[in-house]
Amino acid sequence: MKRVAILGAGKGGSALLEMLVAAKRFQVQGIVDVNQKAPGINKALMLGIRTYDDWTKLPFEQIDVIIEATGLPQMAETVRTKAGPRIAVIPSHIAYFMFSLMEEKQLLVEQTRKHASLQETILQSTHDGMIAIDEHGSILLFNHAAERMSEVKAEAAIGRPIREILPSSQLERVVRTKKKEINHRLVLDNGVKIVTTRVPLMDQDRCIGALAVFKDITEVVELAEYVTNLKSVQTMLEAIIKSSEDAISVVDELGKGIMINPAYTRLTGLTPEQIIGQPATTDISEGESMHMQVLRTRRPVRGARMKVGPKKREVVVNVAPVIVDGALKGSVAVIHDMSEIKKLTDELEKAKQLIRNLEAKYTFEDIIGSSAEFQVAVKQAKLAASTPATILLRGESGTGKELFAHAIHNASSRKYNKFIRVNCAALSETLLESELFGYEEGAFSGAKRGGKRGLFEEANHGSIFLDEIGELSSSTQAKLLRVLQEKEIVRVGGTKAIPIDVRVIAATNVNLEKSIQDKTFREDLFYRLNKMPIYIPALKERLDDIPDLVDYLLSKLNADYGRNVEGVTVEALNLLMSYHWPGNVRELENILARAMIYMPYHSLYITAEHLPSLGVREKSMLKTPETKESEGSLQERVNEYEKQVILETLAKTGGNKTLAAKQLDISVRNLYYKLEKHGID
């Protein structure tokens, strides 16, 4: 008994569940749908079957087959990757195809059960001989009475041309003329005289064979109806396959092509005449036939890549065996054009980028810096992210306060909700208040009909980043204090308090303590905001982070400008390390961008000549160990001392740079930079 799970509990998934349970050959382990009110979920609960709202929670070790009935693009491939090769994953279009097959099979089984016993008794015990052929003259039916009258065994007759077994039967003439021949006298080749009635078998206007009954025609109508029903089922299945937008090919148990659909012809450029009856390798330009592999192993193949058709189209193929009552009947292949998959992948990436732009963009992985002061700020931010407390980011302009705000939101439990950014200095007092708290209809001239939700309401259950918090007016400060204290807002022109659940992340580059003394910032608001203060050091306080920042910013700028700059020279890096950076990281990015724009297009490294003037004088970065007396500028003395410390550490570690970097508490990359800076071999 196969253990099955169903993804999707809508109309199709619900019907599949009902049919699988009724079949009693499957054990349904669970059904999944994010909508727990879907019809399939309710039906599963009534049947005592487990339900899930997330397919990743399925007990994969207890499942043999997963039927994907959601209809979502790429869902089957995603589930297949997670489930592993042991579990068969049936995609939605095949699932619906199976559903139709199972319905038709059930109907056919019910009809067959009613007539099988009677037909077998009549066909094999009647004294009337019966012979049937197909439209090509091959014998399909040869009962015991026909064996007795013709003295030919059925095993020797079935499947062979009628003209070889009974040349005098005249059944091929009936196929051509499509006319009944009732009660005709005939002498068989062995001299036996019979009276036969010959009837053409028709499918609408097309003759698909002929049936001969020696003497009795009572059972002919019933047999013709049965054959017609089988033909109807075949016609329906062909219609389903031909209407599919996926390219499909079907081969028999010998690997001969028996069916393809129009989508297959569009993809490969091969017509039915070139495929039907031909080996499964006919359409392959490069690669092994997956049809033949499946027929050998009786196991499905997923995601096989190959090239097909005269144009060598690159495709991905999924192939499954067709097994009926334990007997291998052939295999079915679904073929996907790689160019279409690539297009869908590109569209998915664009959608991801769009979503990224609508939410917090950055994480702590995007925050670059290993200096001790900076790492203190990062650790504080990570700790703050795990709490619901209000956060105050402090630091000079350009140090990355907004970057920290993004990362804190993405590391918090609110990351799946909205992240709203507000620059408090960019809006006038009146406009800022209405944007933050919203307004009621008629609150002021030009107000929208029905009013408007404010940004605090938009950010409910998420985070709101208030940049330049020190620029808020007194009245707006008072309203913000109410938000922090009471967890509610009142719209402009309204009186009703609206409860909200918002995490406030504030940022400022001004001295709020001095603003409190100057009476421009409320002291009570300051203490509400200052629960988790995080100071982000200026770039001049962490110059050792410049090499890593340069690498990160160059990668970003290469993507923005379509360049391939690999790095900066030692001289250029020394120049960057000697500057005091009043504009912080924002200024560093600006300097690198300007250098990249004006440097030759094919240059791989930014040199000192490419950098704009930074207002620093060049200084000798190399001093011999002998010039250790107290002379020169402070920077020169610091450089000399740094060089001596590095030399002493390398001597202690026997030249092991990794160990030396660890003892000096700097990165190996930073150590190599300093070795080159000081001319140490």
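The values are calculated or read from the model by the stated rules, or taken from the named source; none is laboratory data. In this text the structure is predicted, and so the values were computed from the model without any measurement. Cβ atoms come from the backbone with ideal geometry, glycine included; neighbour counts cover every protein chain shown. Keep in mind that these areas ignore ligands, DNA and RNA; they rest on the heavy atoms of the full protein, side chains included. Shrake-Rupley method; radii C 1.70, N 1.55, O 1.52, S 1.80 Å.
Among (i) 32.1; (ii) 30.9; (iii) 33.7, which one is Kirkwood radius over Cα pairs in Å computed from these coordinates?
Calculated Kirkwood radius over Cα pairs in Å: the matching label is (iii).
Go through 42, 280, 564 and say which Cα lies farthest out towards the positive end of the charge dipole of the chain; charges sit on Cβ, +1 for Lys and Arg, -1 for Asp and Glu.
42
Would you mind getting the accessible area per residue of the chain, heavy atoms of the protein chains only, 1.4 Å probe, in Å²?
About 54 Å² of surface per residue is accessible.
R0 = 35 Å: FRET efficiency of residue 607 with residue 586, Cβ-based, nearest 0.05?
0.95
With Cβ to Cβ distances under 11 Å as the rule, what net charge do the other residues near residue 392 carry (K, R +1; D, E -1)?
Around residue 392, the charge tally is +4.
From Cα pairs below 8 angstrom and at least 6 apart in sequence, can you work out the relative contact order of the chain, rounded to a whole percent? Please list the in-between numbers first.
Details: 1098 pairs, mean separation 41.0, N = 681.
6 percent.
Need one value: the accessible area of residue 452 in square angstrom, 1.4 angstrom probe, rounded to the nearest 10.
Using a 1.4 Å probe on the heavy atoms, I get roughly 60 Å².
State the percentage of accessible surface on region 437-538 attributable to carbon and sulfur atoms; use a 1.4 Å probe and exclude ligands, DNA and RNA.
Its accessible area is 46 percent carbon and sulfur atoms.
Full-extension gain between residue 323 and residue 497, please, as 0.36 nm times their residue separation minus the C-alpha to C-alpha distance.
Net length gain for the segment: 55.9 nm.
Treating only the Cα positions of region 134-203 as identical point scatterers, give the base-10 log of I(q)/I(0) from the Debye formula at each q in 0.11 Å⁻¹.
The computed values of log10 I(q)/I(0) come out as -0.25.
Can you pull the one-decimal nm distance between simple spin-label points at residue 151 and residue 548, each 7 Å off the Cα toward Cβ?
10.0 nm
Roll a 1.4 angstrom probe over the protein heavy atoms and tell me the percent of accessible area of region 233-274 that is carbon or sulfur.
60 percent
Run the simple label-point estimate for residue 514 and residue 415 please: 7 Å along Cα→C-beta, distance reported in nm.
3.8 nm
Would you mind checking the tilt of helix 634-652 against the longest principal axis of the Cα atoms of the chain, expressed as 0 to 90 degrees and rounded to 10?
So the helix axis and the longest Cα principal axis differ by about 60 degrees.
Please list 561, 362 from largest to smallest accessible area, probe radius 1.4 Å, with all protein chains kept in place.
The ordering from most to least exposed comes out as 561, 362.
If you count, for each residue, the other Cβ atoms within 10 Å and average over each peptide, how do 325-332, 4-11, 301-308 line up from highest to lowest?
Peptide ranking by packing, descending: 4-11, 301-308, 325-332.
Which angle between 0 and 90 degrees, to the nearest 10, do you get for helix 474-486 versus the longest principal axis of the chain when only C-alpha atoms count?
For 474-486 against the chain, the angle is about 50 degrees.
How many nm separate the modelled label positions at residue 187 and residue 531, each set 7 Å beyond the Cα in the direction of the Cβ?
For residue 187 paired with residue 531, the spin-label model returns 11.2 nm.
Determine the gain in length on full extension of the stretch residue 173-residue 1; use 0.36 nm per residue of separation and subtract their C-alpha separation, reporting nm with one decimal.
56.9 nm
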